[in-house]
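Bear in mind these aren't lab numbers, they're just calculated from the coordinates by the rules spelled out. This is a predicted model, so every value here is computed, not measured. Cβ sites come from the backbone with ideal geometry, for glycine too, and all protein chains shown count toward neighbours.
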Amino acid sequence: MSEYRPFLKWAGGKRQLLPELVGHVRRLRSFGAYHEPFVGGGALFFALFGLGAIRNGVVLSDVNSRLIEAYEGVARDVEEVIELLRHHAKKHSPEHFYAIRRQVPESVVERAARIIYLNRTCFNGLYRENSRGEFNVPLGRYANPSICDEATLRRAAAALSSVTLAIRPFEAVLEMARPRDLVYFDPPYVPLSRTSSFTAYAQGGFAMPDQERLARVFAELASRRVFVMLSNSKTDSVVGLYGRFPIHTVLASRAVNSNAERRGKIEEVIVTNF
Ligand SMILES: C[S@@+](CC[C@H](N)C(=O)[O-])C[C@H]1O[C@@H](n2cnc3c(N)ncnc32)[C@H](O)[C@@H]1O
């Protein structure tokens with residue numbers, strides 16, 4: 001759809017829903033700044049940038065500090081990140097993977113290259129940390145992983161060149177968003193069933209009280225005439241939380257699910273206040 005796309009594989013990545021999400025944004029003839037408080041891989045941000053739809057400033061944030069560091073490193077010095085990734089690609093082996101997984105380097109550019117390398121080569125492209133905040137996903141089984149996608153990285157750096165990046169919980173958007181700004185919320189989804197739960201994005205996960213707080217933040221922004229859009233799974237609780245707003249149902253196939261038999265089409269919702 002766009003040559004601008006995520007440089008990380010991220011659980012819950014929005015590539016499939018992109019045409020629908022872009023279609024909703026296009027209904028707005030103009031908006032102020034763009035905010036994505038659960039940025040993850042940033043699929044919608046990159047797509048909108050590629051389409052020239054973003055004109056008035058961008059704030060991308062997430063609670064995952066390693067993720068935001070990856071964006072900072074790419075924005076600061078993408079050529080150095082590429083150089084380091086070429087080195088990782090050359091040395092790639094189980095020994096190299098586990099050695100890199102063990103140590104967190106000092107500089108933000110080296111940290112960015114480390115996370116991109118681990119993300120491209122680890123099992124399922126997952127990001128998971130143990131209780132000490134250490135990345136603990138094992139090596140994946142890829143014959144020939146694409147470790148250094150130079151064109152995607154350079155385009156990402158261009159897209160990120162005047163973006164504000166922050167490590168913070170989603171509520172902080174209340175202090176940032178102005179009337180007519182656009183906020184897109186893509187939280188960890190409400191699980192369709194207990195076993196399909198996949199909420200270990202960062203330490204702590206995202207439970208029902210968090211979903212309820214998010215619905216209150218959505219309503220508060222809407223009352224201040226901020227444009228708000230949110231995606232989530234289609235469950236009774238989600239429909240209940242956003243019942244006052246237009247809810248659009250879309251079909252998507254699950255990207256991350258430990259049970260392969262359940263990887264069929266499922267219903268998701270896009271909620272907007274416009
Ligand atoms: C579904 S993913 C977003 C996927 C993203 N839209 C994409 O295209 O890749 C959810 C993100 O929310 C982040 N997150 C979890 N709890 C959060 C919180 N309380 N505040 C902000 N971000 C949070 C996770 O670190 C994760 O990156």
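The ranking of Ile116, Ile54 by Cβ neighbour count inside 10 Å, starting from the fewest, reads Ile54, Ile116. Fewest neighbouring Cβ atoms within 10 Å first, the residues Leu8, Leu182 line up as Leu8, Leu182.
Taking other Cβ within 10 Å of each residue's Cβ, how do Met176, Met229 sort, fewest first? Show your work: numbers first, answer last.
Details: Met176 17, Met229 22.
With the sparsest Cβ surroundings first, the list reads Met176, Met229.
Stretching the chain fully between Ala53 and Glu95 yields a gain of 10.7 nm (0.36 nm per residue, less the alpha carbon separation). Give the angle, between 0 and 90 degrees and rounded to the nearest 10, that separates the Cα long axis of helix 18-27 from the longest principal axis of the Cα atoms of the chain. The angle comes out near 40 degrees. Within straight-line reach of Lys14, meaning a Cα separation under 16 Å, sit the following aspartates and glutamates at least 8 residues removed in sequence or on another chain: Glu3, Glu36, Asp62, Asp186, Glu267, Glu268.
So which GluC sites (Glu not before Pro) in region 85-118 pass both tests, a DSSP loop state and at most 10 other Cβ atoms within 10 Å of the Cβ? Could you put the intermediate results ahead of the total?
Working: sites: Glu95, Glu106, Glu110; in loops: Glu106.
Sites meeting the loop and neighbour criteria: Glu106.
In the chain, helical runs assigned H by DSSP with n ≥ 4 each contribute -39500 (n - 2.57); averaged across all residues and rounded to the nearest 500, the mean residue ellipticity at 222 nm is -11500 deg cm²/dmol. Mind pulling the angle between the C-alpha long axis of helix 78-91 and the longest principal axis of the chain? Nearest 10 degrees, somewhere in 0 to 90. Orientation of helix 78-91: about 50 degrees from the principal axis. Angle of helix 65-76 to the longest C-alpha principal axis of the chain, folded into 0 to 90 degrees and rounded to 10: 80°.
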